[in-house]
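The values are calculated or read from the model by the stated rules, or taken from the named source; none is laboratory data. Here the structure is a predicted model, which is why all the values come from computation and not from measurement. Quick reminder, even Gly has a Cβ in these numbers, built from the backbone with ideal geometry, and neighbours come from all protein chains shown. We work out accessible area using only protein heavy atoms, side chains counted, and drop any ligands, DNA or RNA first. Shrake-Rupley method; radii C 1.70, N 1.55, O 1.52, S 1.80 Å.
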Amino acid sequence: MANETRQSGPRGHGPGMRGGYQKPKDARKTALRLLSYVTGRPALLALVLLCLLISVGTNLAGSYMLRPIINDFVYTGASDVLGLGLSLVKLLGIYLLGAAAAYVQMATMVRLSERGINRLRRELFERLQDLPLSYFDQHPHGELMSRFTNDADNVELALQQSLVSLLSSALMFVGIVAIMLVTNPLLFLVTLVVLVVTMLVFSQMGGKSRRNYQAQQAALGRVNGNIQEMIEGLKVVKAFTHEEAAKEEFQRRNEAYRQAASKANYYSTAIMPISNNLMNISYALTAAFGGLLSVATGFDLGGLVIYLNYSKQIGQPLNQISQQLTTILSALAGAERIFEVMDTPPEVDEGRITLVPAEKDGKGGLREHTGRGNAWAWKVPRDCGLELVPVQEDGDALTELPQPVSGCLWAWKYPGRDGTAALHRIRGAVRRAEGEDFYYTELRGAVRFTGVDFSYVPGKQVLKQVTVYANPGQKIAFVGSTGAGKTTITNLINRFYEIQSGSITYDGIDVTMIRKDDLRRSLGAVLQDTHLFTGTILDNIRYGRLEATDEECIAAAKSANAHSFIRRLPQGYQTMVSGDGGNLSQGQRQLLAIARAAVADPPVMILDEATSSIDTRTERLIERGMDALMEHRTVFVIAHRLSTVRNSNCIVVIEGGQIQEKGDHDELIAQQGRYYQLYTGQFTLS
């Protein structure tokens, strides 16, 4: 059954936030920031304000013009038909002007608000792309989705309607009060008493309504969370014949929602009839007292009629203000949550070394290429702290040479973390030309971990003093129990997370010096949990490299042995994929993920349980395709099936975040240690 606290399901399909809101922490600051999204076009905003004033002014003036019409034509019984006709034409003109102003104001405000909310959503989405993965580990996806749906929708509604309606109602209320005071101050005392009572009713009923709407929203979140969970797990529900239990659980949550909604709607809907009845009482008292004033003081009939008209209208702006304040405060709370995400510091990237297409000549020379080229190279600024130096190799030791000599090797020289100079061997072609501001070294895919410590949460170390290396073209396999730290190691290569101590180098370059986008572009990954996007099979393969041609995508599918099953689909490579590949088997989805990584053509591949959901026959086909794919590439493999890692250059057994053993298959079998026990079945991977 769904946990009571789970509320990450969709919350945007209920009755909305009418009547209830979460108060913003800093309403003024949030309001000013939110208004900046509609003030970018000052001319249009000025037009909205002008039309608003015209609309309110014509509404008030139209009602007031009844006074001279009644006094001059109706009450006196005058026969000036022409004069009456002109007065009525003026009245019609005023109302037509007000209607036109209201239309222009509404159309312009919709345009401004849509532009503003479009910009807000765009900036929010862009910020999400810049946030580190650790942020998404700490925030449920449903919570982040609600920023785009519930919160953004509330902001949109407030900008489109509530803000203007609030200003209009406030101006209308002030205007009505001013006209009533000017018309008859004594009569206004009666209205004032009823207004005070009405405001007290609004305060009491509105407070209860808001509290109950908050309870309703919480109940709605639990209902939606339960629905989402049951739909996602319907196969499990049916497998264990828990349909009746699921119905009972939903009925319990649905009944709790009904009770909360009934109370919330009762108080919300009760406000209007109570307000109307109070206004009717005010109207009756005003009419009686106004009649007495007409007899006693000669108060004109036209003044009494328009006063009674205004006394009927004065409750409407108050009710509007109460409702719109609720909506606006809901929007401000939503905007505050959106801005909280947007204000989260982005992923830090201080890398200056970039990846560029390069061309290798027959003599081993290297130069930057404007097209794709036949190689990739690291473009290293000379002032970034790295120095390209000639070296000679003596066993495992490197010795710096004063000058390049024929056949010499090259290495990076830069201060290590302990402050001493270190040399890191370069295995590819290099370019070090006098007068150029950059060094160029060929991307080969040599990766080295040295004494790496890492923890996701301070105080809970996941990796401890991990030291492992992979030379270009080698296949390194990690085996161990679930939670041992295997996937964490691969996540550190592409800097999804930052290490606490030690170093990780890529072609001799500390990965912290490489720009993250360029670092990740050089890596291909096939994850255990595949994710396919809505689009064709071809589109999903091309996601590995967006500029890849159809022929390159098909070649990648063939190398991953996905071509045969794709060919048998109804539309072949043009078959649409939707619902994260729900129309494909898990094995087929993983084959597409492998093809996607193959078309990227990276020098380093990370395979995290890439064949976990594939049958033995398909696994053998994939292994043959992967052997071709892994040629001349550095490959990191995480696998539970030990049969898939036998041909690895190095197998690393990791438990509890520490390396227990490493070596090739024959060496580890001969040691008869942990790997031997796992391979012979004396222990199983948990």
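Test Ile541 against the stated conditions and say whether it is modelled with pLDDT of 90 or more, open to solvent by less than 10 Å² (accessible area, probe 1.4 Å) and not charged (D, E, K, R).
Yes, satisfied.
If I ask for residues that are in a loop (DSSP other than H, G, I, E, B), closer than 12 Å to Ala595 by Cβ and of a type outside the set (A, V, I, L, M, F, W, C), which ones from the stretch 533-573 would you list?
Listed by number, the residues that qualify are Tyr543, Gly544, Arg545, Asn561.
Can you tell me which residue among Leu124, Leu47, Leu112 is hydrophobic (A, V, I, L, M, F, W, C), within 30 Å of Glu498 (Cα to Cα) and either buried (at least 16 other Cβ atoms within 10 Å of the Cβ) or modelled with pLDDT of 90 or more (or both)?
Leu124 is the lone residue from the list that is hydrophobic (A, V, I, L, M, F, W, C), within 30 Å of Glu498 (Cα to Cα) and either buried (at least 16 other Cβ atoms within 10 Å of the Cβ) or modelled with pLDDT of 90 or more (or both).
Inside the stretch 175-191, can you point out the residues that are in a helix (DSSP H, G or I) and surrounded by 13 or more Cβ atoms within 10 Å (Cβ to Cβ)?
Residues satisfying the conditions are Gly175, Ile176, Val177, Ile179, Met180, Leu181, Thr183, Leu187, Phe188, Val190, Thr191.
List, please: which pairs have Cβ atoms under 7 Å, are six or more places apart or on different chains, and start with a residue in the stretch 420-442 that is touching a residue at least 40 places away in the same chain (Cβ under 8 Å) and more than 10 Å from Trp410 (Cα to Cα) and end with one that is outside any strand (DSSP E or B) and among the charged types (D, E, K, R)?
If the second residue must be outside any strand (DSSP E or B) and among the charged types (D, E, K, R), the pairs left are Asp437/Arg382; Phe438/Arg382; Tyr439/Arg382; Tyr439/Arg432.
If only one of Ala556, Ala598 is closer than 27 Å to Ala446 by Cβ and in contact (Cβ under 8 Å) with a residue 60 or more places away in the chain, which one is it?
Ala598 is the lone residue from the list that is closer than 27 Å to Ala446 by Cβ and in contact (Cβ under 8 Å) with a residue 60 or more places away in the chain.
Answer yes or no as to whether His563 is over 18 Å from Val447 (Cβ atoms) and modelled with pLDDT under 85.
Here the answer is no, as His563 does not meet what is asked.
Taking into account only those residues within the stretch 28-43 that are polar (S, T, N, Q) and within 21 Å of Arg111 (Cβ to Cβ), which is surrounded by the fewest Cβ atoms within 10 Å (Cβ to Cβ)?
As a first pass, look at the stretch 28-43 and keep what is polar (S, T, N, Q): 30, 36, 39.
Those still in the list that are within 21 Å of Arg111 (Cβ to Cβ) too: 36, 39.
On the way: Ser36: 11, Thr39: 13.
Looking at residues that are polar (S, T, N, Q) and within 21 Å of Arg111 (Cβ to Cβ), I get Ser36.
Of all residues in the stretch 574-608, count the ones that are β-branched (Val, Ile, Thr) and in a helix (DSSP H, G or I).
2
Identify, by number, the condition in (1) open to solvent by 20 Å² or more (accessible area, probe 1.4 Å); (2) of a type in the set (A, V, I, L, M, F, W, C); (3) modelled with pLDDT of 85 or more that Met630 doesn't meet.
Tallying (1) open to solvent by 20 Å² or more (accessible area, probe 1.4 Å); (2) of a type in the set (A, V, I, L, M, F, W, C); (3) modelled with pLDDT of 85 or more, Met630 fails exactly one: (3).
Would you please name the residue that is farthest from Arg633 (Cα to Cα), looking only at residues in the stretch 455-470 that are in contact (Cβ under 8 Å) with a residue 60 or more places away in the chain and either open to solvent by less than 20 Å² (accessible area, probe 1.4 Å) or of a type outside the set (S, T, N, Q) (or both)?
So, considering only residues that are in contact (Cβ under 8 Å) with a residue 60 or more places away in the chain and either open to solvent by less than 20 Å² (accessible area, probe 1.4 Å) or of a type outside the set (S, T, N, Q) (or both), the one farthest from Arg633 (Cα to Cα) is Tyr456.
Would you check which residues across the stretch 321-348 are among the charged types (D, E, K, R) and open to solvent by less than 60 Å² (accessible area, probe 1.4 Å) and list them?
Of everything in the stretch 321-348, those that are among the charged types (D, E, K, R) and open to solvent by less than 60 Å² (accessible area, probe 1.4 Å) turn out to be Glu336, Arg337, Glu347.
Take the residues in the stretch 221-235 that are open to solvent by 50 Å² or more (accessible area, probe 1.4 Å) and either charged (D, E, K, R) or modelled with pLDDT under 80 (or both); name whichever of them is farthest from Ser146 (Cα to Cα).
Ranking the candidates gives Lys235 first.
Please tell me if Gly351 is at pLDDT 85 or above, of a type in the set (Gly, Ala, Ser) and either part of a strand (DSSP E or B) or under 20 Å from Asp507 (Cα atoms) (or both).
The answer is yes for Gly351.
Given the conditions (1) part of a loop (DSSP other than H, G, I, E, B); (2) touching a Phe, Trp or Tyr at 6+ places or on another chain (Cβ under 8 Å), and given that Thr58 satisfies all but one, which numbered condition is not satisfied?
Thr58 satisfies all of (1) part of a loop (DSSP other than H, G, I, E, B); (2) touching a Phe, Trp or Tyr at 6+ places or on another chain (Cβ under 8 Å) except (1).
On the given criteria, is Leu527 within 29 Å of Gly459 (Cα to Cα), among the aliphatic types (A, V, I, L, M), at pLDDT below 90 and touching a strand residue (DSSP E or B) at 6+ places or on another chain (Cβ under 9 Å)?
Working: within 29 Å of Gly459 (Cα to Cα): yes; among the aliphatic types (A, V, I, L, M): yes; at pLDDT below 90: yes; touching a strand residue (DSSP E or B) at 6+ places or on another chain (Cβ under 9 Å): yes.
Yes, satisfied.
Quick test for you: out of Thr450, Thr441, Thr399, Thr482, pick the one residue that is surrounded by 21 or more Cβ atoms within 10 Å (Cβ to Cβ) and of a type in the set (S, T, N, Q).
Of the residues listed, the single one that is surrounded by 21 or more Cβ atoms within 10 Å (Cβ to Cβ) and of a type in the set (S, T, N, Q) is Thr441.
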